[in-house]
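Comments concern the structure below.
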Amino acid sequence: MLVKQALEAGKISTGNTKMPGTTYAIDAFACNVGSKLRNVKGSTCSGCYAIKLQKLRPSVDKGYKSNLEKFNTVQRQFWIDSMVFQIERYNTDGYHRWFDSGDLQSIDMLRMIAEVCRKTPNVKHWLPTREKGIVSEFMTFDQCPENLVIRVSAPMVNGVPNKGFVNTSTVHYKADHIGFECKAYTRGNNCGDCRACWSKDVANVSYKKH
């Protein structure tokens, strides 16, 4: 596969200033649960950073929307092969994040992501999501790859972790955190050498509201 061909299915991003490895983003306006939570005061989606970025930077908005459009239009196996190709080509750190913008659209999307993870066994994948219904259905009928951590995010700031899931995340004010506290805010919003989000041994990661 050539790079030009792979990009026909969407673009894996590199050079994220906060975290290691590669990332994948889609249109945040298309979030299912998130689009409802954005209008709820005190929710973790209120004041969504990805929405702000898309409004401020037309080129980013175009790229995120393009990734979603391509996902919806290309053949399933081609999308999987293209994502695998790009991750293997560009990921030099061994860590990948799904959805630094946007969220799962369907259980089929999650199954396709899981297949990408299986085909890139040397990369640790982290997928944060508020689509707990999709994750529950997936966990009922499918096997989660060993190198994929799905973190189901609590809908409200200072909320408790979602029950029934091995790996979760929450958002807190000040020091009122649950489980492992993300310290990126003390490092200029950078992961540094921390990889807790990608670890199945870390049950809940709590992020400080900013």
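The values are calculated or read from the model by the stated rules, or taken from the named source; none is laboratory data. Remember, predicted model here, so these are calculated numbers, not experimental data. Cβ placement follows ideal geometry from the backbone for every residue including glycine, while neighbour counts extend to all protein chains displayed.
Listed by position, the helices (runs of 4 or more DSSP H) contained in region 1-120 that have at least 1 residues being at pLDDT below 95, exposed (fewer than 15 other Cβ atoms within 10 Å of the Cβ) and of a type in the set (Ser, Thr, Tyr) are 49-56, 58-73.
Across region 121-154, which residue is farthest from residue 106 (Cα to Cα) among those that are among the small types (Gly, Ala, Ser) and outside any strand (DSSP E or B)?
154
The residues in region 161-210 that are in a loop (DSSP other than H, G, I, E, B) and either among the charged types (D, E, K, R) or at negative phi (or both) can be counted, and the count is 27.
Number of residues in region 95-123 that are farther than 25 Å from residue 54 by Cα and in contact with a His (Cβ under 7 Å, 6 or more places away or on another chain) equals 2.
With the condition kept exactly as written, say whether any residue in region 197-204 is within 16 Å of residue 19 (Cβ to Cβ), surrounded by fewer than 20 Cβ atoms within 10 Å (Cβ to Cβ), at pLDDT 95 or above and out of contact with any helix residue (DSSP H, G or I) (no Cβ under 7 Å at 6 or more places or on another chain). The answer is yes, given that some residue of region 197-204 is within 16 Å of residue 19 (Cβ to Cβ), surrounded by fewer than 20 Cβ atoms within 10 Å (Cβ to Cβ), at pLDDT 95 or above and out of contact with any helix residue (DSSP H, G or I) (no Cβ under 7 Å at 6 or more places or on another chain).
One residue stands out among those in region 126-148 that are more than 22 Å from residue 94 (Cβ to Cβ) and among the hydroxyl-bearing types (Ser, Thr, Tyr): the one that is surrounded by the fewest Cβ atoms within 10 Å (Cβ to Cβ), which is 140.
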